[in-house]
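Trainee: Just dropping this structure here.
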Amino acid sequence: MREKWDAGLTVGFLCCILLALLIADFLEPDRLFSENENRLLEKKPELTRESLLSGEYMEAYEKYVTDQFVGRDNWIEIKTRSEIAMQRKEIGGVYLGEDDYLLEQHLPEEITDEMVEEKLTLLSNLVEKYHAKVMLAPTADNVLTDKLPPFAPYYDQKELLGKVKTAIGDDAYIDVASKLEEHSGEDIYYRTDHHWTSLGAYYGYEAWLEKTGKLSPVHFDPQNLIPVTEEFLGTLHSKINLPMREDRILYFPETELRPVNVTYDYNIQKESMYEESYLEGKNKYGFFLDDNHGFIEIETGYKNGRSLFVLKDSYANCVIPLLTVHYEKIYVVDLRYYNGRLAQLMDPYMSEDTDVLVLYNCIHFMKDFKYF
Amino acid sequence: MVFSSIVFLFRFLPVFMFLYFITYLFPKKAARWMRNIILFLGSLVFYAWGEPVYVLLMLFSTVSDYLHGRAIEKCKSRTAARCLLVSSICINLLVLGFFKYADFLIDTVNALAGTAIPLFRLGLPIGISFYTFQTMSYTIDVYRGKARVQHNILDFGVFVTLFPQLIAGPIVKYTDVENDLKDRKADIVQISYGCRRFVTGLAKKVLLANNIGMLWEEIAKMDFGSMSVLAAWMGITAFALQIFFDFSGYSDMAIGLGAILGFRFPENFNYPYISTSITEFWRRWHISLGSWFREYVYIPLGGNRKGLPRQLFNILVVWMLTGIWHGAGWNFLLWGLWFAFFLILEKAFLGRVLKALPGIFGWAYSIFVVLIGWVLFQVERPDAIFAYLRAMFGLGSGAWYDSRAIYLLLQYAAVIILAVFCSTPIMKMLSDALNSSGEGFAMALRRLLQKVVPALLLLLSIAYIVDASYNPFLYFRF
């Protein structure tokens, strides 16, 4: 009798769990977007004869049910926690580093010699034609190697940078890597995001000054950096989604000494390079230059007749404010959003007083740097 | 549909179980019939979910073997019955041959003769190797007089389409479930056992197999020519654990679901990695396939009753078939032959040598043979197989170990240890010990664990299914 009673309890307990989840799942309304995963969730598929016979409907329905399952974020958290308990130091392509650092994983095999070859050709053509200067910042895993989990593999960007230097020549190459290495003990990268901090960007700017021999008309002092938010949880945190210490986003107030006019994509006009509205949302790094735009024109208050053309990724967004003190006009292109011929875009802006700067991090450069 | 999915656990299963168990409210006779109708239709839905067109093929097999069975019964002469048996087997093998092996044969002919015969490029119907073997067991046993002819096509349909073991086994012989088809009882104790067995299987698949499988995935991506010795051994060990927990997890889920419905399916795995010989390994690995080949191929060929040379030949035949059953590819044939070689050696003399030695030698030898076997099984392309084997024996350009291998070892050490632990009977011995002590603290602990552990495993498995970045179905080639 007791055996039966026990068996009944076991079955009942399991059925209750399934039933409770089932009911909760039906009561829970569908979500369009997952903030945590930063992606659109699958919608309920439409049932047609064709999709049913081909099996497409079933596949889509399975994705839909899984994506919309009740408490999805909580289940993912349970999984992440159990993986951490099993001593995993890497979750969803993110290393759980020392001192609360999250570092994006870039495996050596992700970048082949052919890819390097292709990018270097594109880059040297550009350097040759426009006398461009090139600043490729290494990502955090290459600079904060002491924060990586033991034996963690990473794509060696020093080797890449060596090749870049050979390909484009010493004159064009801005050695930001050594500069960052010197300061690797400071907060030059965010702990929860894949970008460098304003301090890291400042060291990039210093390397640029040394290479170009320019003298800054404004004295930037890292001591003066002002926090705009202390609650930044970046893209890397989104992949882990566990509570952790937030980052601070800082900016140089000196960049706002003179008025600027910023035009995004030819139509949106702003009087600041900083967009405070982003600080309320998840993507707080968008504070710098209004996140990502295909083409930005900046008119500064420094009327020296000089202009700068920047080909860049998001790493540049917090460097460009520092550069405004050197130029009257800055044009910024994000090649990911520009599909036309690059020369057609650039040449009208070119004059003797125009400099060209290529500014990426090494990984974005390898993945996104292309033009026609 | 696969068991380890939200659709199965939270759509199919609740609806099906509700309909199935509500029949218990009806009068006995009607209820039996209703249960089989629900089981049959449910199984069709289950199969059609993944194979909306090939479900017709399965129904064709069902009707064909049902009719053959009826016809064999009517036969006056043995010769006529034999003709019908041959016809049934031919139809089954033709269906299997066409969908599974036609392209493979054409490919081979093209490669050898330099021809360019176009391939059919049909997808392999999931589970076809499982259900054709099951229906063949029926007609063969009817012919042999070991099974009664099934007159009720619904009951026969239930046997063929039975969803718990439809897509990944175990291979249930008709005689295993003959009586259960008509009338089966599932009392609460058996249902509770079935639930626990199902959850255990789910956890084996989702928590162990998928996790250790990711290690194999990482290593399989490496360049075999330059990988380190440590990486090569770790990789194939990971695959060995993955396929064991995946496959035996599926079997556990099938046996568990069967128990809930009132069936008693045969066991399929019995801690194969503790074997001390290859002979023993094949008694512990995929038992239902081994016993199918034993009963319908090995013994009819004469088994061990016609002298040693004939027995060795029979072993060779059975293991070639076993190999090719796992997939249409030369590597699978090679994999079968690899085992046949050691089985023959063991029959000839090695078995006696191993018996005389301490068990650890036999175990090391068996694991070695099995691991090399998995390389043949999983790596597939001949050049890649050789490169992988060279890496295992330090003949590639890789070092003994490198930082990548050490990193992966550190990442997966806990999973590897857990999986190795679970592949031994230690856990079972512990729970048996707990079960046999009938009183006091041990008893209370047992009663508590019996309820809490399955619940926790279920919840954790759901978490891993919801965020399933890696949840493969390994048997699409079977």
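The values are calculated or read from the model by the stated rules, or taken from the named source; none is laboratory data. All figures in this text were calculated on a predicted structure; none of them were measured in a lab. Every residue, glycine among them, receives a Cβ derived from its backbone with ideal geometry; neighbour counts consider all protein chains shown. With ligands, DNA and RNA removed, areas are computed over all heavy atoms of the protein, side chains included. Shrake-Rupley method; radii C 1.70, N 1.55, O 1.52, S 1.80 Å.
Trainee: Can you find a residue that is surrounded by fewer than 18 Cβ atoms within 10 Å (Cβ to Cβ), within 22 Å of A:L180 (Cα to Cα) and within 14 Å of chain B (Cβ to nearest Cβ) anywhere in segment A:88-98?
Mentor: For segment A:88-98, residues surrounded by fewer than 18 Cβ atoms within 10 Å (Cβ to Cβ), within 22 Å of A:L180 (Cα to Cα) and within 14 Å of chain B (Cβ to nearest Cβ): absent.
Trainee: So if I check each of B:I37, B:I106, B:I117, B:I140, which one is crowded, with 18+ Cβ neighbours inside 10 Å and β-branched (V, I, T)?
Mentor: Exactly one residue qualifies, and that residue is B:I140.
Per-residue answers, yes or no, for (1) in contact with a Leu (Cβ under 9 Å, 6 or more places away or on another chain); (2) under 19 Å from B:S129 (Cβ atoms):
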| position | (1), (2) |
| --- | --- |
| B:G290 | no, yes |
| B:R294 | no, yes |
| B:V297 | yes, yes |
| B:I315 | yes, no |
| B:V318 | yes, yes |
| B:T322 | yes, yes |
| B:F332 | yes, yes |
| B:F339 | no, yes |
| B:E346 | yes, no |
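Trainee: Restricting attention to segment A:69-84, which residues are open to solvent by 70 Å² or more (accessible area, probe 1.4 Å) and either more than 8 Å from chain B (Cβ to nearest Cβ) or under 21 Å from A:Y154 (Cβ atoms) (or both)?
Mentor: A:N74, A:R81 - these are the residues of segment A:69-84 that are open to solvent by 70 Å² or more (accessible area, probe 1.4 Å) and either more than 8 Å from chain B (Cβ to nearest Cβ) or under 21 Å from A:Y154 (Cβ atoms) (or both).
Trainee: Give, as residue ranges, the helices (runs of 4 or more DSSP H) completely inside segment B:316-392 that count at least 1 residues that are at pLDDT below 95 and under 24 Å from B:A168 (Cα atoms).
Mentor: Correct list: B:330-345, B:359-379.
Trainee: Does any residue of segment B:276-288 turn out to be small (G, A, S), open to solvent by 10 Å² or more (accessible area, probe 1.4 Å), within 30 Å of B:T161 (Cα to Cα) and in contact with a helix residue (DSSP H, G or I) (Cβ under 9 Å, 6 or more places away or on another chain)?
Mentor: Looking for residues that are small (G, A, S), open to solvent by 10 Å² or more (accessible area, probe 1.4 Å), within 30 Å of B:T161 (Cα to Cα) and in contact with a helix residue (DSSP H, G or I) (Cβ under 9 Å, 6 or more places away or on another chain), one finds none in segment B:276-288, hence no.
Trainee: Of the numbered conditions (1) at the interface with chain B (Cβ under 7 Å from one of its Cβ atoms); (2) under 23 Å from B:F12 (Cα atoms); (3) open to solvent by 40 Å² or more (accessible area, probe 1.4 Å), A:E3 fails exactly one; give the number of that condition.
Mentor: Only one criterion in (1) at the interface with chain B (Cβ under 7 Å from one of its Cβ atoms); (2) under 23 Å from B:F12 (Cα atoms); (3) open to solvent by 40 Å² or more (accessible area, probe 1.4 Å) is unmet by A:E3, namely (2).
Trainee: If we keep just the residues of segment B:436-448 that are open to solvent by 70 Å² or more (accessible area, probe 1.4 Å) and part of a helix (DSSP H, G or I), which is farthest from B:V189 (Cα to Cα)?
Mentor: B:F441
Trainee: Could you please tell me which pairs satisfy a Cβ distance under 7 Å, a separation of 6+ or placement on different chains, a first residue in segment A:222-237 that is assigned by TED's automatic domain parsing to the domain that holds A:G286 and open to solvent by 40 Å² or more (accessible area, probe 1.4 Å), and a second residue that is part of a strand (DSSP E or B) and of a type in the set (F, W, Y)?
Mentor: Going by the 7 Å Cβ cut-off, the qualifying pairs are A:I226/A:Y251; A:V228/A:Y251.
Trainee: Mind counting the residues in segment B:140-196 that are touching a residue at least 60 places away in the same chain (Cβ under 8 Å), within 19 Å of B:S88 (Cβ to Cβ) and small (G, A, S)?
Mentor: Here the count works out to 1.
Trainee: If I ask for residues that are in contact with a His (Cβ under 8 Å, 6 or more places away or on another chain) and farther than 21 Å from A:Y371 by Cα, which ones from segment A:297-350 would you list?
Mentor: Across segment A:297-350, the qualifying residues are A:Y302, A:N304, A:R306, A:C318.
Trainee: Pick out the one residue from B:M253, B:M234 that is more than 18 Å from the chain's Cα centre (by Cα) and farther than 15 Å from B:K428 by Cβ.
Mentor: From the options B:M253, B:M234, the qualifying one is B:M234.
Trainee: Just to be sure I understand the filter: pairs with C-beta atoms under 6 Å, separated by 6 or more residues or on different chains, first member in segment A:93-115 and over 17 Å from A:T197 (Cα atoms), second member among the polar types (S, T, N, Q). Which pairs pass?
Mentor: Close Cβ pairs (under 6 Å, with a partner that is among the polar types (S, T, N, Q)) amount to A:G93/A:Q105; A:Y95/A:Q105.
Trainee: Any idea which of (1) more than 10 Å from chain B (Cβ to nearest Cβ); (2) among the hydroxyl-bearing types (S, T, Y); (3) open to solvent by 30 Å² or more (accessible area, probe 1.4 Å) is the one A:Y57 doesn't satisfy?
Mentor: Condition (1) is where A:Y57 drops out.
Trainee: Select the helices (runs of 4 or more DSSP H) contained entirely in segment A:134-184, then report the ones holding at least 1 residues which are open to solvent by less than 10 Å² (accessible area, probe 1.4 Å), of a type in the set (A, V, I, L, M) and more than 30 Å from A:R88 (Cα to Cα).
Mentor: Output list reads A:157-168, A:176-182.
Trainee: If a residue counts only when it is within 25 Å of the chain's Cα centre (by Cα) and crowded, with 23+ Cβ neighbours inside 10 Å, which helices (runs of 4 or more DSSP H) contained entirely in segment A:266-372 have at least 1 such residues?
Mentor: Those helices (runs of 4 or more DSSP H) span A:320-323, A:362-368.
Trainee: Do we find a residue being in contact with a Lys or Arg (Cβ under 6 Å, 6 or more places away or on another chain) and in the same structural domain as A:V94 (by TED's automatic domain parsing) anywhere in segment A:10-19?
Mentor: So far as segment A:10-19 goes, yes, one or more of its residues are in contact with a Lys or Arg (Cβ under 6 Å, 6 or more places away or on another chain) and in the same structural domain as A:V94 (by TED's automatic domain parsing).
Trainee: I'd like the full set of residues that are more than 29 Å from the chain's Cα centre (by Cα) and of a type in the set (S, T, Y), limited to segment B:403-444.
Mentor: Scanning segment B:403-444 gives B:S403, B:Y407, B:S436, B:S437.
Trainee: Is it true that B:F342 is assigned by TED's automatic domain parsing to the domain that holds B:Q311 and surrounded by 16 or more Cβ atoms within 10 Å (Cβ to Cβ)?
Mentor: Yes, satisfied.
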